1. As a test of understanding, state the convex hull volume per residue of the stretch 101-142 from its alpha carbons, in Å³.
2. I need the shape label for the stretch 499-651. Rule: rounded when a/c is under 1.5, else prolate if a/b > b/c, else oblate, with a, b, c from the alpha carbon gyration tensor.
3. Provide the per residue accessible area, probe 1.4 Å, for the chain, rounded to a whole number of square angstrom.
4. Given the C-alpha centroids of the stretch 491-509 and the stretch 746-771, what is the distance between them in whole angstrom?
5. Under 1.5 on a/c is rounded, so check that first for the stretch 112-238, then, if it is not, pick prolate when a/b is larger than b/c and oblate when it is not; a ≥ b ≥ c are the square roots of the alpha carbon gyration tensor eigenvalues.
6. Rounded to the nearest 10 Å², what accessible area does LYS553 have for a 1.4 Å probe in the complete protein model?
7. For the stretch 468-473, take each phi angle, set θ = phi - 60°, evaluate the Karplus expression 6.51 cos²θ - 1.76 cosθ + 1.60, and give the result in whole Hz per residue in order, putting x for glycine and proline.
8. Tell me, what ³J(HN,Hα) does each residue in the stretch 706-715 have, in order and in whole Hz, if you take phi through Karplus 6.51 cos²θ - 1.76 cosθ + 1.60 with θ = phi - 60° and put x for Gly and Pro?
Amino acid sequence: MTSFWQDARYSLRMIAKAPGFAATAILTLALGIGANTAIFSMVESFLLRPLPVKDPQQITVIAFRQKQSLVQNQTSVADYRDIRTQTTGVFSELLGGMFGLDGLSVKGKPERILTNYVTGNYFSALGIQPALGRFILPSEGDTIGADPVMVLSYAYWQAYFGGDPSVVGSKVSVDGHPFTIVGVAPASFYGLFSLANVQAYMPLGMATIDGNPDNFMTDRGFRQLFVLGRLRPGTTVEQAGAELAVVSKRLAQEYPSDQDLSYLVFPELRARPNPDPKNTIVVISGLFLGLAGLVLLLACGNVANILLVRATIREREMAIRAALGAARGRLIRQLLTESVLLALAGGAAGIVLGYFGSTALGSINLQVDLPVRLDFGFDWRVFAYAFGAAFLTGIIVGILPAVRISRGNLSSILHEGGRGLVGGKHRLRSGLVVAQVAGSLMLLIIAGLFARSLDKAQRTNLGFDATHVVDLSMDPTEIGYNESQGREFYKNLLDRVSALPGIESASLTSSVPLSYFNNTDTLKIEGYQPPPGQQGQRAFFAYISPGYFNTLKIPIVRGRNFTGADTEKTKFVAIVNETMAKTFWPGSDPIDRNFSIMGDLEHPLEVVGIAKDSRFQGVTGPINPGFYLPFVQHYAPASLETLQVRTAAAPGAMIPGIESTIQALAPDLPVFDVRTMTQALYSLNGLLIYQLGAGLAVSLGLLGLVLAIVGVYGVVSFDAGQKTHEIGVRMALGAQQHDILKLIFGKGLSIVALGLTLGLTAAFGAARLAGNFIAVSPADPITYLTVSAVLLLVALAACYIPARRAMRVDPMVALRYE
């Protein structure tokens, strides 16, 4: 320990003697470690940070798959109850909840809030304690319409009620129904989903106020309940999965709606944001962590080169220390101590940069009018990661210079008179820069592919015209409207808005294309059998008013549009898109054919028209089957609808007039997600995901480019400095400036050319790994050629600066050099 402190004090003195060297090394490492810390804080928040509950490692997520369909994490209340009673051997508790969007009113206009309708054992199963009052009791929530109590989230209590403790016991109105606030959740508890910041909790039996049917607790086809389980101590996920498989078979035999249905269990950390056997979010996170790690390796290469140059100056010092009896291991330890101290200083600066980076990531606008939680704050895991990265970086950047300098020959070094590193040591520095150029090219190509994907997504033909369209969302249930009042409100709204000056058309839809909310369900189509290995008959759908296709300019290619004659008293009808027609009725006419939604088998749907394909769930990839239903035939008590208005003038200028019309009809009705449809396209299901991916990848790519160019400049500049005496001799013997340029420039060109060759190969391999997350080919020639040309030009410019300086060397000064 004594010798360690001696090494540390001596290292600090040597660093202080070269402040320029120290500042360069620390800043370079700070950039690399900062980028890694920022990315890791985001990944840690989504995938690694445990829930703020008791024994979070015991929490699992229950999901199901029916036939070959996708894994889904919402089931029916009836199935939940059966699973709870039949799996007591593996689960100590099974809890559930349903999301809701409700209007909370205390003394006037309601405010829209994100709610959870939860089972009575929700809080007790999680093992948390209220910050104020009490939680929902295990005896509450089993009966429809009973127990109108509410628990507020801590953040919402602070924001909306000012942290007033007297709120417990007070009366509020939710969707026009009286509730009593009984408690406040702890500050650390934000719900069970990483992105959603739930604002209030109510008993499951009260979910009917949010538009759920009165029989939702017994209808096995109504699957809206998220279910989580707490494993018994000593029970594994595999054991729980085996028990669930037995229960699945039993339910499939007893209930027709559960046929071909299999229940699955996932560790909660593996089920974020949704259960996914392919671990898509893990792969994406690994990709960006890998890119950030590559930036750190580029920074390591730069600092290692700086330390190799510094080793040139200190070779005589090390040789003399060795001559005085210092063992080789002691010399290596001394140099490693210095590099580790530099790296830790870089790590401290990197944490500061990473904090600003994670703050910027946490402030991203996800384009949703919901309480979204992006908490990328630093905890002990992030600090441990940053410290570990810094320490490992110190070892990496210091080991090569330390080993090389400790192997120096005393006699030859003293006779060289400090002329510096030669031969193999130059090759080592050049090899590091080759690796930097290759790594930088790989980063830039990945960034280019993401940027090209964004460009392609923005140019995609969506199948509808989003220009001159305004979106305004609302739910009359939030102010207590019943079905008849809601129907009358929407009818009057369409009539009045359509009559406004400058309005071309107006319509309603339950789901805006590419928005964060859409409907999908399994279909029952007589005579259709999906090909082996393919998913079951699932399709997206939307409830719309007759003017929808005119508003979005989606052509009806066959059949008819919806009309006012399609009411709740007439035969239920549907309009399908071209993909659905080709998928389920290949080679035949779907008009007048019938199909049913599994959630509503009582009302078969007759196809009356075929709409041109439009993108509803993603801007790239194949278009999925979809269909449209008349809004008036499927009106739900909690009818969350979006009013879409096509304007002749600039759409933004029309918003105040439309909002005034809504307020005149329903003064207290909250209106949200008010924006143009062009703005609405930038959602996580639309263009935003490409924007975020491109922005992050380009940022890392540019950072890698800077580090690589600094490395190229440094090695060429150092090489030119080492050849100063040689240049003087050549010029004295008649060499011209272009000869000197060729001599110096050739060194840089060879490094860059080799780096580009290796980088192209590595980039193609990395691009194939990212292929599922980009909208262009992993071998996109435009990206490869453009990025390679840009990197080549910038690198050659970095080579030209020291070469030009070498051309202007005075021969007499050069001959006296050293």
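The values are calculated or read from the model by the stated rules, or taken from the named source; none is laboratory data. This is a predicted model, so every value here is computed, not measured. Ideal geometry is used to build each Cβ from the backbone, glycine not excepted, and the neighbour counts take in all protein chains shown. Heavy atoms of the whole protein, side chains included, go into the accessibility calculation; ligands, DNA and RNA do not. Shrake-Rupley method; radii C 1.70, N 1.55, O 1.52, S 1.80 Å.
1. Enclosed volume per residue, from the Cα hull, is 106 Å³.
2. prolate
3. Per-residue accessible area for the chain comes out at 42 Å².
4. 57
5. oblate
6. Counting only protein heavy atoms, LYS553 exposes about 110 Å² to solvent.
7. Along the stretch 468-473, the couplings run 6, 10, 10, 10, 9, 9 Hz.
8. Per-residue couplings from phi come out as 4, 5, 5, 5, 4, x, 4, 4, x, 6 Hz.
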